[in-house]
């Protein structure tokens, strides 16, 4: 897969920029964490690189998911290489450790669905913004994350701005 | 002259058929059938269609009008950051729907997952959600007059959700209201 943040030709760049965020569909970067299939809008991805900092946060940390291992975890080892995904968000960028395989797909707007109301009403993680059915494997549902509000909703030491203290609390 | 076989008296309204001799097994069976038939043809009684199901050892029911579908267990995908009662989401012919363990909401322990387990696709207005139950027992009309008000001593999770109780041979059935369940969940009361 081509790194999402890699320089593109001017023509390709125009094509992507016209496609991203239009009502007809959305470009997404798909990745994994254990058994979860996750995605982030391609417009929020700044780059993809090797996993050089084992102390960096994982997507599992953000989503409070069980640890995914590269040796006998939920995925076969060949699918479990960790990569560092650069993400754009308010304030400093975020380098997030995710599991391969990664790929870029364009989803039709009709394939992207809001969170079911009973889940939206009680979800503690605003990072989880939408769902989609890729159709592969049969019926697999992916979680679409939105990092635009990450600064306000998540605190990862060294990677995010600590949440503002509630002035009314003691 | 050939005599007509005994067809029994033609009983009109208000005429009770003769009670069979207890030793007459066939007569007892025919009597039971007659009584059962009388229940079926009593079309004037107001009824409500109920989906009767089991969670653990307790029978519950929901109005059929609030159950869009009864679905077999299908792949369910967990969503992080949800309360434990949320099992996840599932695909229902292209629509992604939440799946909640109904027993967790009602304070009733589910049996271990088995092939009889089902998902009731509840619908209230434009909201839909799957509710996992251990087994669907029946979908049947129930005479409204046979429903009695819920007892006062129901435990808190059930107190606001049960609208009535009726008896089946297997025991009492607590009739729930989907709208109350959805509302209580969204209000954080479950």
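Count, please, the residues in region A:82-115 that happen to be under 22 Å from residue A:64 (Cβ atoms) and without any contact (Cβ under 8 Å) to a residue 24 or more places away in the chain.
Residues meeting the conditions: 2.
If residue B:173 satisfies all but one of (1) more than 13 Å from residue B:52 (Cβ to Cβ); (2) in contact with a strand residue (DSSP E or B) (Cβ under 8 Å, 6 or more places away or on another chain); (3) in contact (Cβ under 8 Å) with a residue 24 or more places away in the chain, what's the number of the condition it fails?
Condition (1) is where residue B:173 drops out.
Name the residue that is farthest from residue B:188 (Cα to Cα), counting only residues in region A:106-128 that are crowded, with 17+ Cβ neighbours inside 10 Å and more than 9 Å from chain B (Cβ to nearest Cβ).
Ranking the candidates gives A:107 first.
Here's a check for you: in region B:64-85, which residue that is part of a strand (DSSP E or B) and in contact with a strand residue (DSSP E or B) (Cβ under 6 Å, 6 or more places away or on another chain) is farthest from residue B:125 (Cα to Cα)?
The qualifying residue farthest from residue B:125 (Cα to Cα) is B:77.
Pairs only if they're at least six apart or on different chains, beta carbon under 6 angstrom, first in region B:87-100 and at positive phi, second at pLDDT below 95 and not in a loop (DSSP other than H, G, I, E, B); list them, first residue then second.
Going by the 6 Å Cβ cut-off, the qualifying pairs are B:88/B:77.
So which helices (runs of 4 or more DSSP H) are wholly in region B:95-190 and hold at least 1 residues that are under 15 Å from residue A:118 (Cα atoms)?
On the way: elements: B:102-106, B:156-159, B:178-186.
Output list reads B:102-106, B:178-186.
Residue check: is residue B:45 touching a strand residue (DSSP E or B) at 6+ places or on another chain (Cβ under 7 Å) and closer than 13 Å to residue B:133 by Cβ?
Spelling it out, it is not the case that residue B:45 is touching a strand residue (DSSP E or B) at 6+ places or on another chain (Cβ under 7 Å) and closer than 13 Å to residue B:133 by Cβ.
From B:152, B:126, B:138, grab the single residue that is surrounded by fewer than 18 Cβ atoms within 10 Å (Cβ to Cβ) and within 14 Å of chain A (Cβ to nearest Cβ).
B:126
Just need a number here: residues in region B:64-86 that are within 13 Å of another protein chain (Cβ to nearest Cβ), in contact with a helix residue (DSSP H, G or I) (Cβ under 8 Å, 6 or more places away or on another chain) and either touching a residue at least 60 places away in the same chain (Cβ under 8 Å) or surrounded by 15 or more Cβ atoms within 10 Å (Cβ to Cβ) (or both).
The qualifying residues number 6.
How about region A:130-140: which of its residues are surrounded by fewer than 22 Cβ atoms within 10 Å (Cβ to Cβ) and either within 9 Å of chain B (Cβ to nearest Cβ) or at pLDDT below 95 (or both)? Walk me through it before giving the result.
Initial filter on region A:130-140 (surrounded by fewer than 22 Cβ atoms within 10 Å (Cβ to Cβ)): A:130, A:133-140.
Those that are surrounded by fewer than 22 Cβ atoms within 10 Å (Cβ to Cβ) and either within 9 Å of chain B (Cβ to nearest Cβ) or at pLDDT below 95 (or both): A:133, A:134, A:135, A:136, A:137, A:138, A:139, A:140.
Could you pull out the residue among B:106, B:131, B:121, B:102 that is over 29 Å from residue A:132 (Cα atoms), crowded, with 18+ Cβ neighbours inside 10 Å and at pLDDT 95 or above?
The conditions single out B:106.
The values are calculated or read from the model by the stated rules, or taken from the named source; none is laboratory data. The structure displayed is predicted, hence computed values, not measured ones. Glycine gets a Cβ as well: all are built from the backbone with ideal geometry, and neighbour counts include every protein chain shown.
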